[in-house]
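> Please find one structure pasted underneath; my questions will follow.
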Amino acid sequence: MKTSDTSPKGLPSGVRPRTQLVHGGTSRSQNDETSEALYMTSGYVYGSAEEAEAAFATDGLRYVYSRFANPTVSMFERRLAEYEGAPRCWATSSGMSAVFAALMCQVRAGDRVVAPRALFGSCLHIIKNLLPLYGVEAVLVDGADLGQWREALSRPTRAVFIESPSNPMLELVDLQAVADLAHAAGALVIVDNVFATPVLQRPLTLGADVVVYSATKHIDGQGRSLGGAILADEKFGELLGPFLRHTGPALSPFNAWLLLKGLETLELRVAAQVANAEQVARFLEGHRAVRRVVYPGLESHPQAALARRQMSGGGTLVAFEIAGGKAEAFRAMNALRVIRISNNLGDAKSLITHPATSTHAKVSDEDKAKVGIGPASLRLSVGLEDPRDLIDDLERALAAA
């Protein structure tokens, strides 16, 4: 794609990741602005009919329509791809459009898709309910059980879809081991890396073929915009590109501009949130009113060794179960004064969710029970506040429960 970079000096090769997040992928207009230019346009004009004809004949060499490509969106795609270490990035309008496109661009009637049961409610709906409508077999396994993966992948398979850590109970999948099994079965491995973020986990280095994000979460990180991203190689792009072009889940240029600004502080925010989450998790683990705490950075996590091996930090999410049931969970949530009730996550503000009645409300009670979601389960997305204030808030809330 042609860019309009008129800056006198480009970014040196080999700059470090934090510098990539600030400068990577930037192109400038003829005004050579400091901040990334916001190209708030749906279409583009041509100097002649012949130029328009040539633009469509040489598809992809220039911008013709912002549903296909836009300069601000391209900057976001290049920057995230450079940081992730991926050949290409395709931006989408939301995280779920990224998940849907990554699956639907490649599956055909008669194919098989294998995934763990522990998935975000909408992801589970796509795999368990939508794919079979198109003649695609969906197989669900216990993500922590390699034996079940081995059995499910003993037959030819088109795709494997994984969340690790999972939403909301922070179950891990051994990405390298499952990728090896999947590739032997002929499958491409798609990893939803939204909970770990590219700061803490790089699935492409662990055998994944495709990485997807809800950029709405940590990448924006400030509750401002929706967005999604798919990262893969050019070969996958031969399937994905036409699907995106003709179905139209395009990222708004304005949202792309916001996400670019979010990338600038991604490492700093995630590092601070992880430090806060560790303190909060330890506090909760020692509280008499808390039955169970699930946090990959704690030794009590059933997959703590795997977490150390494939993540560089415990993450920003803490799952916990309080004594009692739904009534006690609701009383605790309603007593909070710093932490806010929301179904979002990855925000600078700490947010708490009751998964059973929100993010996983449409999931059957049987399926919720299989992945450990109970009436007293809570998911806490830890933000940038002073951790002492978060602990004080949780102490007050647990006393009210």
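> What is the residue count in the stretch 320-338 for residues that are out of contact with any Asp or Glu (no Cβ under 9 Å at 6 or more places or on another chain) and on the phi < 0 side of the Ramachandran plot? Steps first, answer last, please.
Keep residues of the stretch 320-338 that are out of contact with any Asp or Glu (no Cβ under 9 Å at 6 or more places or on another chain), which gives 321, 323-328, 330-334.
Next, only the ones that are on the phi < 0 side of the Ramachandran plot stay: 321, 323, 325-328, 330-334.
Looking only at that region, the number is 11.
> So, one more: When residues of the stretch 123-144 are filtered for being assigned to a helix (DSSP H, G or I) and surrounded by fewer than 16 Cβ atoms within 10 Å (Cβ to Cβ), how many remain? Can you show your working first?
So in the stretch 123-144, the residues assigned to a helix (DSSP H, G or I) come out as 123-134.
Now narrow it down to the ones that are surrounded by fewer than 16 Cβ atoms within 10 Å (Cβ to Cβ): 125, 129-130, 132-134.
Residues flagged as assigned to a helix (DSSP H, G or I) and surrounded by fewer than 16 Cβ atoms within 10 Å (Cβ to Cβ) within the stretch 123-144 amount to 6.
> Tally the residues that are at pLDDT 90 or above, among the hydroxyl-bearing types (Ser, Thr, Tyr) and surrounded by 14 or more Cβ atoms within 10 Å (Cβ to Cβ), restricting the search to the stretch 27-45.
3
> Given the criterion touching a helix residue (DSSP H, G or I) at 6+ places or on another chain (Cβ under 7 Å), modelled with pLDDT of 95 or more and not charged (D, E, K, R), identify the matching residue among Gln148, Gln176. Walk me through how you get there before you give the answer.
Working: Gln148 fails: touching a helix residue (DSSP H, G or I) at 6+ places or on another chain (Cβ under 7 Å).
Exactly one residue qualifies, and that residue is Gln176.
> Looking only at the stretch 68-81, count how many residues are in contact with a Pro (Cβ under 9 Å, 6 or more places away or on another chain) and not polar (S, T, N, Q). Steps first, please.
First, the residues of the stretch 68-81 that are in contact with a Pro (Cβ under 9 Å, 6 or more places away or on another chain): 70-73, 80-81.
If we keep only those that are not polar (S, T, N, Q) too, we end up with 71, 73, 80-81.
Summing the residues that are in contact with a Pro (Cβ under 9 Å, 6 or more places away or on another chain) and not polar (S, T, N, Q) in the stretch 68-81 gives 4.
The values are calculated or read from the model by the stated rules, or taken from the named source; none is laboratory data. Being a predicted model, the structure only gives us computed values, none of them experimental. In this analysis, Cβ positions are derived from the backbone assuming ideal geometry, glycine residues included, and neighbour counts consider all displayed protein chains.
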